[in-house]
1. Within 22 Å of LEU225 (Cβ to Cβ) and modelled with pLDDT under 85: which single residue out of ASN320, ASN336, ASN330 fits that description?
2. With respect to ASN104, determine if the residue is touching a helix residue (DSSP H, G or I) at 6+ places or on another chain (Cβ under 6 Å) and farther than 24 Å from LEU201 by Cβ.
3. Which of the residues that make up region 204-224 are hydrophobic (A, V, I, L, M, F, W, C), modelled with pLDDT under 80 and over 18 Å from VAL130 (Cα atoms)?
4. Is it true that some residue in region 99-117 is surrounded by 19 or more Cβ atoms within 10 Å (Cβ to Cβ), among the β-branched types (Val, Ile, Thr) and under 23 Å from the mean Cα position of the chain (by Cα)?
5. Can you spot a residue in region 361-377 that is surrounded by fewer than 23 Cβ atoms within 10 Å (Cβ to Cβ), within 21 Å of the chain's Cα centre (by Cα) and either closer than 27 Å to THR236 by Cα or at pLDDT 90 or above (or both)?
6. SER269 - would you say it is at pLDDT below 75 and surrounded by fewer than 15 Cβ atoms within 10 Å (Cβ to Cβ)?
7. Might you let me know whether region 230-248 holds any residue that is modelled with pLDDT under 75, in a helix (DSSP H, G or I) and out of contact with any Lys or Arg (no Cβ under 6 Å at 6 or more places or on another chain)?
Amino acid sequence: MSVKMFINDSIKTLLSTTFLMIIIQFIVFPYFSSEYTSKLFGEILTIYSIFSISSVVIGNTLNNLRLLDSNIYKNKEFGIDYLKLLLLSISLTILITTTIFIINFKYNVSELIILNIIIVIMILKNYLQVYLRLELLFNKLLKMSIIQGLVLIILVYVLKVSMSWWVIILIGEFAGILYLLNQFVNNGYSFNKSHINFKNLNLKFWQLSSVNFVNNLIIYFDRFLIFSVLGGSVVTISFVATFVGKILSGIVSPINGVILTYISARTESNNVKLYKYAIFSSLIVALITLLLVLPISKYVVVQLYDIKYSAISRYLIIGNLSVITLIMGNILFPMNIKYTPIKYQTIVQTVYFILYFLLCIPFTLAWGLMGFFIAVTSTNIIRYFLMVYTGFKYMERKT
């Protein structure tokens, strides 16, 4: 696969992600912020984090495994092994999220059903995209994002219909999955009823999903911890202060999917050289983000979310550093799961997870939001160097 094709597909992925992200972060969330109190908006952000974690952990894990199994299944083939894992993981997710919603938020039964329907749709959307990636149909993924984004714009600014925030999210997600499902109709897709490698797949799924869970829990855990300890209003301050870093994080994640798509088909052996490029890229991304933090936050973000600059200024650098250092590790993630045993990635993430909670909870209780950001930045840096160490160690063995 040519470098030109890789760049072209990366640009399409970047555009599709950026478009939908801009709609959500610059239109939908500011709309919710204006319609609800700061405390309720913080609650919305926390619940949306649950949506994101659930869909990414389950959907992206299956997505990545299907890419890695491209030599076992045909590109246009749905496997029963994946269907079993999908149904099992969705059932477990619904049980967990329903428990969280009941304990922490005051919603009735019909509202709980709607919230879980959103989660199921998002999981399906994240997983089923892999079949378009296998065919390198990144242009269709771009169209899906445009359709979903336009539906959200129409709901918020054209129709201006008064409805609950979760109904707006549900309609937008439904538009996206409807377009995606339509791509599989009459396009030669088949269903394989044979159990090819379920035992091995099941093991890899739970290993990789635990890695993805830690990755994404760390991205969004600030909202859970801050909401519980410091309140909904501080969640809003944290969200706005780290806005630039979170935007970049949302862009890097799908590009990682493109990288995994291409390295899954690579036959070249110079993996160490490619890994060095990935490390260099992570440092460049970190530098660019830091340079953008202050001007964008001062002149754009505070206007969107109607919050005083003085309320977030002291958290801008350290807050975005906490996100940037996580992104640096995520840039290395596709190559690490491709070229190193998954069990070692699980070990790295377990160490990271333990350190995260050992530092974050006491630091937050002692020094509030500033303590939280310092603890997160420290643990992310440790994780980054652990990933670099394991990456070089096992790639050098294979080259």
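1. Values: ASN320 fails: modelled with pLDDT under 85; ASN336 fails: within 22 Å of LEU225 (Cβ to Cβ).
Criteria check complete, one pass: ASN330.
2. Judged against the criteria, ASN104 is not a match.
3. So in region 204-224, the residues hydrophobic (A, V, I, L, M, F, W, C) come out as 205-206, 208, 211, 213-214, 217-219, 221, 224.
This time we only want the ones that are modelled with pLDDT under 80, so: 208, 211, 213-214, 217-219, 221, 224.
Correct list: VAL211, PHE213, VAL214, LEU217, ILE218, ILE219, PHE221, PHE224.
4. Scanning region 99-117 turns up no residue that is surrounded by 19 or more Cβ atoms within 10 Å (Cβ to Cβ), among the β-branched types (Val, Ile, Thr) and under 23 Å from the mean Cα position of the chain (by Cα).
5. Yes, region 361-377 contains at least one residue that is surrounded by fewer than 23 Cβ atoms within 10 Å (Cβ to Cβ), within 21 Å of the chain's Cα centre (by Cα) and either closer than 27 Å to THR236 by Cα or at pLDDT 90 or above (or both).
6. On the way: at pLDDT below 75: yes; surrounded by fewer than 15 Cβ atoms within 10 Å (Cβ to Cβ): yes.
In short, yes.
7. Going through region 230-248, the residues modelled with pLDDT under 75 turn out to be 232, 248.
Checking the rest, the ones that are also in a helix (DSSP H, G or I) come to 232, 248.
Still in the list and also out of contact with any Lys or Arg (no Cβ under 6 Å at 6 or more places or on another chain): 248.
Yes, region 230-248 has at least one match.
Residue-by-condition table, conditions (1) touching a Ser or Thr at 6+ places or on another chain (Cβ under 8 Å); (2) small (Gly, Ala, Ser); (3) more than 17 Å from ALA175 (Cα to Cα):
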position: ASP81; (1), (2), (3): no, no, yes
position: LEU88; (1), (2), (3): no, no, yes
position: ILE114; (1), (2), (3): no, no, no
position: LEU134; (1), (2), (3): yes, no, yes
position: PHE138; (1), (2), (3): yes, no, yes
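The values are calculated or read from the model by the stated rules, or taken from the named source; none is laboratory data. Being a predicted model, the structure only gives us computed values, none of them experimental. Ideal geometry is used to build each Cβ from the backbone, glycine not excepted, and the neighbour counts take in all protein chains shown.
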